[in-house]
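We did not get these values from a lab; they are worked out from the coordinates using the rules stated. Just so you know, these numbers come straight off a predicted model, no measurement behind them. Because the Cβ atoms are built from the backbone with ideal geometry, glycine has one as well, and the counts that use them run over all protein chains shown.
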Amino acid sequence: MEQFADIEGPLPIGLWPAILLIAGSILLILLSVIFIYWLLKRPRKENTASLEPTRSPLEIALERLQKLRSGKSQIQPEPFTVEVSDIVRDYLEEALAVPAREQTSEEFLNTLATRDGLPEILHRQMPAFLESCDMVKFARQSLDMEQQDALLETAKGVVESTDKELAARHPDGENLAQAI
């Protein structure tokens with residue numbers, strides 16, 4: 001049987017490696033302190049979103065309708081109609097908390113029929129408005145400029161009348177979507 005050699009002791013560390021290890025540790029700590037100081041003292045960007053006034057759903061919808069009106073000659077009937085419908089649906093979703101974007105026209109009309117306290121214009125004009133939009137979107141019916149203008153005017157009328165009726169019901173400016 002062979003004899004095993006005894007375990008050797010730890011290798012002696014020279015003076016220079018120990019100095020480098022200590023200097024590296026001190027440098028790392030110093031850089032960490034400088035970085036933390038920089039994080040705490042750097043100028044912060046102000047939140048510009050909070051400085052801008054919040055725009056009402058009416059303002060947003062009317063602006064979008066105006067942009068669409070100014071560029072309607074370059075837009076094909078189907079994308080034009082989809083955008084008009086989306087503007088009205090977005091407005092109603094924001095102003096009334098009605099899930100308009102996620103519903104088909106039929107589902108949306110059923111929602112309008114079952115909800116109490118909605119403005120009368122929605123019951124009068126939305127069925128014809130949505131049917132016109134659906135005829136272009138799904139039946140590929142074309143729209144001339146006059147029909148596009150009429151669709152835009154209907155959308156604008158629905159949005160403005162709904163907003164006016166909601167404001168008349170709640171002049172104190174409370175959250176209209178929660179009040180209905």
Taking Lys and Arg as +1 and Asp and Glu as -1, residues besides residue 130 with C-beta under 11 Å from its C-beta add up to -2
Rg over Rh [alpha-carbon atoms, Kirkwood Rh] for the chain: 1.53
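When the chain is fully extended, how far beyond the present Cα-Cα distance does residue 11 get from residue 45, taking 0.36 nm per residue of separation? Provide the component values of the computation, followed by the final result.
Numbers: separation 34, 0.36 × 34 = 12.24 nm, distance 5.41 nm.
So the chain would gain 6.8 nm between residue 11 and residue 45.
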Among 32, 85, 142, which one shows the biggest mean-square fluctuation in a GNM of the chain, springs joining Cα atoms closer than 10 Å? 32
Sequence neighbours fewer than 8 away in the same chain don't count; with that in mind, list the lysines whose C-alpha is under 29 Å from residue 164. 67, 72, 156
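Could you give the length gained on full extension between residue 59 and residue 115, defined as 0.36 nm per residue of separation minus the Cα-Cα distance, in nm?
Length difference between fully extended and current span is 17.7 nm.
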Local electrostatic count at residue 56 - Lys and Arg +1, Asp and Glu -1, tallied over other residues with Cβ under 11 Å: -3
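Note down the net charge around residue 105, summing +1 for each Lys or Arg and -1 for each Asp or Glu among other residues with Cβ under 10 Å from its Cβ.
-2
Which of the helices in the chain meet the span-like rule: DSSP H, Cα axial reach of 15 Å or more, Kyte-Doolittle mean at least -1.0?
Membrane-span-like by this criterion, though nothing is claimed about a membrane: 15-41, 57-70, 77-96, 120-139, 145-169.
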With +1 on each Lys and Arg Cβ and -1 on each Asp and Glu Cβ, how big is the dipole of the stretch 57-179 about its Cα centre, in debye rounded to the nearest 20? 220 debye
With 0.36 nm assigned to each residue of separation and the Cα-Cα distance removed, residue 75 to residue 26 gains 11.0 nm
Based on DSSP H runs of at least 4 residues, each adding -39500 (n - 2.57), what is the mean residue ellipticity at 222 nm of the chain after dividing by all its residues, to the nearest 500 deg cm²/dmol? -22500 deg cm²/dmol
